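Undergrad: The structure's right below; bear with me while I get my questions together.
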Amino acid sequence: MHLITPDQYRQMLASLAPATVPSRRNFIKGLAAAGGALVIGVHFQAGKAFANTTAAAPAIPPAPNAFVRIAPDSTVTVLVKHLDMGQGVTTGLATIVAEELDADWSQVRAAFAPANPQVYNNLLFGPIQGTGGSTSTANSWEQLRKAGAAARQMLIAAAAEKWGVPASSITIEKGVLKSGNRSGSFGEFAEAAAKRPVPTEVTLKDPKDFKLIGTKLPRLDSVAKTDGTAIYALDVRRPGMLTAVVRRPDRFGATVKSFDAAAAKKVPGVVDVVAVPSGIAVLATNTWAAMQGREALTGIVWDEATAETRGTTELLAEYRALAKTPGKPASRRGDAAKGLAGAAKTIEAEFAFPYLAHAPMEPLNCVIEKTADGVTITTGSQFQTIEQGVTAAILGLKPEQVKIETVWAGGSFGRRANIPADYIAEAATILKATDGRAPVHLVWTREDDIKGGFYRPMFLHTVRAGVTADGKIAGWEQRIVGQSFIIDTPFEAFMVKEGVDGTSVEGAADTNYAIGNFAVDLHTPKVKVPTLWWRSVGHTHTAHVVEVMIDDLAHAAGRDPVEFRLELLKDKPRHTAVLKLLAEKANWGPKAGQGKGRGIALHESFNSVVGSVIDVSVVNGQIKVERVICAVDCGIAINPDVVAAQIEGGVGFGLGAALHDEITLDKGVVEQANFDTYIPLRMSEMPKVEVHILPSANAPTGIGEPGVPGVAPALSNAIFDATGQRLRSLPFKLEDFKA
């Protein structure tokens, strides 16, 4: 739900001052201009590797690219400009700085950076501070290496001056400076280093000299998340704070016409009831009272004149009708129709994908409070700059008057990075409706989120592809039907080209397979169900279609699926290397026996290549995933444990979507509400996962999302191997199995 108009949104983005994309010189100047950047008295308790709130973090530095703080006790604090929602980015980014600084890992800490796009913008997003698209490490790689190297050089200069020795005689190892028989800690030289002239050049390490990068360092967040001291927005309390829950309409696009708040106001603890654009907000002294007050509302009448009233069945029928007509061309090579006319064997297939909820473990929530010069929002913020702009537009403030304190987030999978900043905007409207007299803690229940959007769009693919008599792909025609969550937003200008939303066709239109006669086109129907990117975005459905069809064609050609892929990828060395490593580690070959199956998939997303082999067994007509083997090329693996954890998590996420997950609508009303009806993969279903990472000296690429796309097609191909049945649409219906 958009709580500001598109025009307001565009004006908000336009009002953002361009961020400084750092040149090396600007970065170094900025670091020095920070003055006390190397000396800030931030102290942490023993074992606390992370500042739990930004209140404990250093103040906003006066210049860009100040990421390093060294305290008198020699602790090194790395300011993390991205949200850590479980992906381990705080550990990974701190490792980059520590490596170039030659710090000892025991002295390294991390803290979330303040919201400030001038300093902490995502270099791949432009003038926006935000986390998404598996870009956190990739966009920070060079920036943070320079931050660490510059700080190191300034410490050495300070020590050289004090000791009266050449800087070239000083080495640093595990946080200790040495020259001859002299030695000193970071803390001893931090203040003097901060006063040193700015180095005009910094020398970065040769990757062969890395000591921390590439090792399995313990995560900085493990202790706090284990002993319960990690702070999430749900933990935040403010004096006089009121908790708000909102009664929203059952159908998307409906608005409140009238209601009776009398009974709700009689619930002990309920303080106020106010109408907001998204529904009816009930404010109380605690969450339970607010929820009880919401239940007590009576006489609610919704205006559904413009609401979405179609169900899943009707929408799918409309999608199928659209799929019979040409869409907007997304990719063209050769002559697909002519190639198919000469095919020895042709396969026609339909793939259907449901709406999917993000369903993070921590329900959406945030605290907003009025301050002397604006407001402060405390939340697991994924799009700080967007949230500043949206809040400012609602409250009549300047974006810089909206302070955001970023705290841990209990998952997101894309939900927190929504373009209209829906739940932040809702909190701002409630604060405005109550004249800011008390801090407001807006809490969505899980039912609110699963029934109230946003979702991965529903998609339908139709494919016609064939092979020649000598086992080559003769032609490929693919048609995609699905909503766009980019069109009609300010992002449309650079993410939609000639009517084609790139997020709808990525992974299909740009397939790496060498298919000469190839065509992909797209229909983008209008539906009022709110949609959003979901972990791996378009690759969640395109990879499945491509990899199942490739498997289909390999079998039609009488070819081994691995050999068939290798031939199509002979000019793609990264893909070839991943595929070969995967086949070796999985001991690829004939299936293990009756009732057993093995499937493979390979896909590139977010500049990383991931291959997956899945072993399944069929027992009493039920599929059991026995083992998953993955091979990964993600450039340098800064922390192999974190990389493996992301792939393992992606496997579980992908298996949930393949086996269980779907959001369905009946007359426009979502039928699922919580984890009993929208079922993530259960722990008892999680298979053994092996992750093999290719050695690389290349810059790191994305890893938060690439583990997901290959899971469903590898499983589908394994099921085919075990049963001879092709299950193309998701989720797989286990009752369909006869074996």
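The values are calculated or read from the model by the stated rules, or taken from the named source; none is laboratory data. The structure presented is a predicted model; accordingly, all values stated were derived computationally and were not measured. With ideal geometry, Cβ positions are generated from the backbone for all residues, glycine too; neighbour counts draw on all protein chains shown. Remember, those area values only see protein heavy atoms, side chains included, never the ligands or the DNA or RNA. Shrake-Rupley method; radii C 1.70, N 1.55, O 1.52, S 1.80 Å.
Undergrad: Restricting the search to region 535-558, which residues are open to solvent by less than 10 Å² (accessible area, probe 1.4 Å) and outside any helix (DSSP H, G or I)?
TA: SER536, GLY538
Undergrad: Filter region 504-515 down to the residues that are more than 15 Å from MET549 (Cα to Cα) and surrounded by 18 or more Cβ atoms within 10 Å (Cβ to Cβ) and list them by number.
TA: SER504, VAL505, GLU506
Undergrad: So is LEU234 under 26 Å from VAL367 (Cβ atoms), in contact (Cβ under 8 Å) with a residue 40 or more places away in the chain, in a helix (DSSP H, G or I) and of a type outside the set (Lys, Arg) or not?
TA: So LEU234 fits the description; yes.
Undergrad: Related question: Could you count how many residues in region 414-451 are among the aliphatic types (A, V, I, L, M) and closer than 13 Å to VAL245 by Cβ?
TA: So the answer is 5.
Undergrad: Continuing with this model, one more query. Could you pull out the residue among ALA192, ALA150, ALA157 that is open to solvent by less than 20 Å² (accessible area, probe 1.4 Å) and either of a type in the set (A, V, I, L, M) or touching a residue at least 12 places away in the same chain (Cβ under 8 Å) (or both)?
TA: Of the residues listed, the single one that is open to solvent by less than 20 Å² (accessible area, probe 1.4 Å) and either of a type in the set (A, V, I, L, M) or touching a residue at least 12 places away in the same chain (Cβ under 8 Å) (or both) is ALA150.
Undergrad: Find the residue count for region 589-602, including only residues that are open to solvent by 20 Å² or more (accessible area, probe 1.4 Å) and over 12 Å from SER617 (Cα atoms).
TA: Going through region 589-602 one residue at a time, the tally reaches 2.
Undergrad: Confirm whether VAL670 is among the β-branched types (Val, Ile, Thr), at pLDDT 95 or above and closer than 15 Å to GLY599 by Cβ.
TA: Working: among the β-branched types (Val, Ile, Thr): yes; at pLDDT 95 or above: yes; closer than 15 Å to GLY599 by Cβ: no.
In short, no.
Undergrad: With respect to VAL708, determine if the residue is modelled with pLDDT of 95 or more, open to solvent by less than 40 Å² (accessible area, probe 1.4 Å), of a type in the set (A, V, I, L, M) and assigned to a loop (DSSP other than H, G, I, E, B).
TA: Values: modelled with pLDDT of 95 or more: yes; open to solvent by less than 40 Å² (accessible area, probe 1.4 Å): yes; of a type in the set (A, V, I, L, M): yes; assigned to a loop (DSSP other than H, G, I, E, B): yes.
Judged against the criteria, VAL708 is a match.
Undergrad: Then there is this: Mind checking whether some residue in region 475-483 is of a type in the set (S, T, N, Q) and at pLDDT below 95?
TA: The answer is no, given that none of the residues of region 475-483 is of a type in the set (S, T, N, Q) and at pLDDT below 95.
Undergrad: Identify, from the list LEU144, LEU123, the residue that is open to solvent by less than 10 Å² (accessible area, probe 1.4 Å), within 25 Å of the chain's Cα centre (by Cα) and not basic (Lys, Arg).
TA: On the way: LEU123 fails: open to solvent by less than 10 Å² (accessible area, probe 1.4 Å).
Step by step, each of LEU144, LEU123 is checked, and only LEU144 is open to solvent by less than 10 Å² (accessible area, probe 1.4 Å), within 25 Å of the chain's Cα centre (by Cα) and not basic (Lys, Arg).
Undergrad: Take SER185 and tell me if it is touching a residue at least 12 places away in the same chain (Cβ under 8 Å) and among the hydroxyl-bearing types (Ser, Thr, Tyr).
TA: yes
Undergrad: Here is a further query. Report, by residue number, each residue of region 474-503 that is under 20 Å from the mean Cα position of the chain (by Cα), open to solvent by less than 30 Å² (accessible area, probe 1.4 Å) and within 26 Å of ASN517 (Cβ to Cβ).
TA: Once the filter is applied, which keeps residues that are under 20 Å from the mean Cα position of the chain (by Cα), open to solvent by less than 30 Å² (accessible area, probe 1.4 Å) and within 26 Å of ASN517 (Cβ to Cβ), region 474-503 yields ASP501, THR503.
Undergrad: I'm trying to understand the selection: among the residues of region 78-100, which are touching a Phe, Trp or Tyr at 6+ places or on another chain (Cβ under 8 Å) and over 15 Å from ARG219 (Cβ atoms)?
TA: The answer is LEU79, LYS81, LEU83, VAL97, GLU99.
Undergrad: Would you confirm whether or not region 408-418 contains a residue that is within 30 Å of ALA372 (Cα to Cα), in contact with a helix residue (DSSP H, G or I) (Cβ under 6 Å, 6 or more places away or on another chain) and in contact (Cβ under 8 Å) with a residue 40 or more places away in the chain?
TA: Among the residues of region 408-418, not one is within 30 Å of ALA372 (Cα to Cα), in contact with a helix residue (DSSP H, G or I) (Cβ under 6 Å, 6 or more places away or on another chain) and in contact (Cβ under 8 Å) with a residue 40 or more places away in the chain, which makes the answer no.
Undergrad: Of all strands (runs of 3 or more DSSP E) completely enclosed by region 344-407, which ones contain at least 3 residues that are open to solvent by 10 Å² or more (accessible area, probe 1.4 Å), at pLDDT 95 or above and in contact with a Ser or Thr (Cβ under 8 Å, 6 or more places away or on another chain)?
TA: Per the criteria, 345-353.
Undergrad: Inspect all residues belonging to region 298-311 and state whether any of them is at pLDDT 95 or above, assigned to a helix (DSSP H, G or I) and surrounded by 14 or more Cβ atoms within 10 Å (Cβ to Cβ).
TA: No; the residues of region 298-311 include none that is at pLDDT 95 or above, assigned to a helix (DSSP H, G or I) and surrounded by 14 or more Cβ atoms within 10 Å (Cβ to Cβ).
Undergrad: State which residue is surrounded by the most Cβ atoms within 10 Å (Cβ to Cβ) when the search covers only region 559-569 and only residues that are under 31 Å from the mean Cα position of the chain (by Cα) and farther than 17 Å from PHE720 by Cα.
TA: Filtering region 559-569 for residues that are under 31 Å from the mean Cα position of the chain (by Cα) and farther than 17 Å from PHE720 by Cα, the one surrounded by the most Cβ atoms within 10 Å (Cβ to Cβ) comes out as ARG565.
Undergrad: Then there is this: Could you tell me which of the residues LYS328, LYS266 is open to solvent by 70 Å² or more (accessible area, probe 1.4 Å) and free of Cβ contacts under 8 Å to residues at least 40 places away in the same chain?
TA: Details: LYS328 fails: free of Cβ contacts under 8 Å to residues at least 40 places away in the same chain.
From the options LYS328, LYS266, the qualifying one is LYS266.
Undergrad: Which of the residues that make up region 618-640 are at pLDDT 95 or above, open to solvent by less than 30 Å² (accessible area, probe 1.4 Å) and in a strand (DSSP E or B)?
TA: VAL625, VAL628, ILE629, CYS630, ALA631, VAL632, ASP633 - these are the residues of region 618-640 that are at pLDDT 95 or above, open to solvent by less than 30 Å² (accessible area, probe 1.4 Å) and in a strand (DSSP E or B).
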